[in-house]
Amino acid sequence: MPRTHGGDKRSSWLTFQRRLFIVRRLICAPSTSQELIDDARLALGEEVYPSGASAALRHDIAALRSEFGCLIRLDRERGYVLESPGELALLDVPDEELDALAFLLNNVAASALPNAPHVATLLGRVVSLLPEERRRALELGGAWPLLDRPQPLQDHDARLLRRLAAALGRQQIAFTYLSPLNPGPSAHRVAPYELTYRDGFTYLEAFCLECHNETAQLEQRYVFYRLDRIQPETLRRLSQRLPPGRPPRRIYRVRYRLSPQLARRRDIALWFAESRVRFEDDGAALVEGQTTDLWLARQILLRYREHCQVLEPAELVRLMRESIAPLWQFYSQHPLVTAPQEAHHAAAALE
């Protein structure tokens, strides 16, 4: 009798294990009967489904539906599909984390990030594990901020991204690049290191080893290449392996002054590494920091318009002048629209 009792306990435990496995497996993806049986045997042992496995699986599915309220339907093409775990919800989170989940769903999963579809799928699986009342609370939304970002005109090339990711930090690559500052395509040979998402676009950060572009001086420096400007069909992984470590970066000391109108409340943003700020008697802010990318530093500081005076380095001052001079020339020659004309244009727009 004790053996029989022990056997019953083991049999019940195996049944419980395989039913939990079925739910976990269906959370990952719809599965056919044979896939569920094969995967359960692989994960839990051959004895988990002895002879008559198909009938036992059907019994397990029925038990999950009746005992736990799992919504499992049989799709003719995909097999069993889990629509809801019912009372077998395996996860709950406090209200603060539920708000965080809502934030991710509404910002990251719906963004132009290269992996946004995978993030959305992952979050969907997490949501499916919540109790029904928590899922309803999630649908009502929370007081999370929305991320304001530009929408790219065209999507990234997912295959190009995967090929680049496989080469990061490993081997040299070569490709043709379409820069807006160059009249035609240019060939580049680079050491790839990072992928960065910024302002709605994905960039490859690489050390430029060779560049067939006479107008740009990019060789022997780090460059951010926008992925949608790399011609996918030209990308090649070269045989040259990358040495351990990375080429050193040049670090620039950035110093700029923000006007009293902008800085008097002392609530300015610090954009650069190792930033230090000193507020002057008139309310202005003298800011110092470090950057390895003068092009990005210019993009940041141009946002302050007339309220920012770049003091150093000289290379950054020159970049600011190169941007401001054409703007001044354009707007000094461009006729101003008078107030009546503005009203006319506004009325026309409304019509």
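The values are calculated or read from the model by the stated rules, or taken from the named source; none is laboratory data. Since the structure is predicted, the reported quantities are computational estimates derived from the model, not experimental observations. As a convention, Cβ positions derive from the backbone with ideal geometry for all residues, glycine included, and neighbour counts pool all protein chains shown. These accessible areas exclude ligands, DNA and RNA; they are computed on the full protein's heavy atoms, side chains included. Shrake-Rupley method; radii C 1.70, N 1.55, O 1.52, S 1.80 Å.
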Assess whether residue 132 counts as being touching a Cys at 6+ places or on another chain (Cβ under 9 Å), under 27 Å from residue 21 (Cα atoms) and either of a type outside the set (S, T, N, Q) or free of Cβ contacts under 8 Å to residues at least 24 places away in the same chain (or both). no
Looking at residue 182 and the list (1) of a type outside the set (D, E, K, R); (2) farther than 24 Å from residue 159 by Cα; (3) in contact with a strand residue (DSSP E or B) (Cβ under 9 Å, 6 or more places away or on another chain); (4) open to solvent by less than 40 Å² (accessible area, probe 1.4 Å), which single condition is not satisfied? (3)
Looking at the range 70-99, I want the residues that are part of a loop (DSSP other than H, G, I, E, B) and have a partner that is basic (Lys, Arg) and open to solvent by less than 30 Å² (accessible area, probe 1.4 Å) with Cβ atoms under 7 Å, at least 6 apart or on another chain. Which pairs are those? none
Restricting the search to the range 100-114, which residues are loosely packed, with under 15 Cβ neighbours inside 10 Å and part of a loop (DSSP other than H, G, I, E, B)? 110
Residue 250 being touching a Ser or Thr at 6+ places or on another chain (Cβ under 7 Å), closer than 28 Å to residue 165 by Cβ and among the basic types (Lys, Arg): yes
Counted residues, the range 36-60 - those being open to solvent by less than 20 Å² (accessible area, probe 1.4 Å) and under 37 Å from the mean Cα position of the chain (by Cα): 3
From the list 146, 130, 122, which residue is more than 30 Å from residue 238 (Cα to Cα), at pLDDT below 85 and among the hydrophobic types (A, V, I, L, M, F, W, C)? 146
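So, in the range 86-99, how many residues would count as being open to solvent by less than 50 Å² (accessible area, probe 1.4 Å) and at pLDDT below 85? So that I can check it myself, show each step before the final result.
If we filter the range 86-99 for residues that are open to solvent by less than 50 Å² (accessible area, probe 1.4 Å), which is where we start, we get 86, 88-89, 93, 98.
Still in the running and at pLDDT below 85: 86, 88-89.
So the answer is 3.
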Counting only residues that are open to solvent by less than 60 Å² (accessible area, probe 1.4 Å) and closer than 19 Å to residue 193 by Cα, give me the strands (runs of 3 or more DSSP E) lying completely in the range 221-329 with at least 2 of them. 221-226
Does the range 44-55 include one or more residues that are among the polar types (S, T, N, Q) and in contact with a Ser or Thr (Cβ under 7 Å, 6 or more places away or on another chain)? yes
The range 330-351, subset of a type in the set (A, V, I, L, M, F, W, C) and assigned to a helix (DSSP H, G or I), residue modelled with the lowest pLDDT: 350
Considering every residue within the range 70-82, establish whether at least one is within 30 Å of residue 197 (Cα to Cα) and surrounded by 14 or more Cβ atoms within 10 Å (Cβ to Cβ). no
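For the range 95-120, name all the residues that are more than 12 Å from the chain's Cα centre (by Cα) and of a type in the set (A, V, I, L, M).
In the first step, residues of the range 95-120 are kept if they are more than 12 Å from the chain's Cα centre (by Cα); the result is 95-103, 105-106.
Within the range 95-120, 98, 100, 101, 102, 105 meet the criteria.
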Among the numbered criteria (1) farther than 30 Å from residue 96 by Cβ; (2) over 14 Å from the mean Cα position of the chain (by Cα); (3) hydrophobic (A, V, I, L, M, F, W, C), which one does residue 201 miss? (2)
Out of the range 129-165, which residues are open to solvent by 40 Å² or more (accessible area, probe 1.4 Å), not basic (Lys, Arg) and not in a loop (DSSP other than H, G, I, E, B)? 132, 133, 139, 158, 165
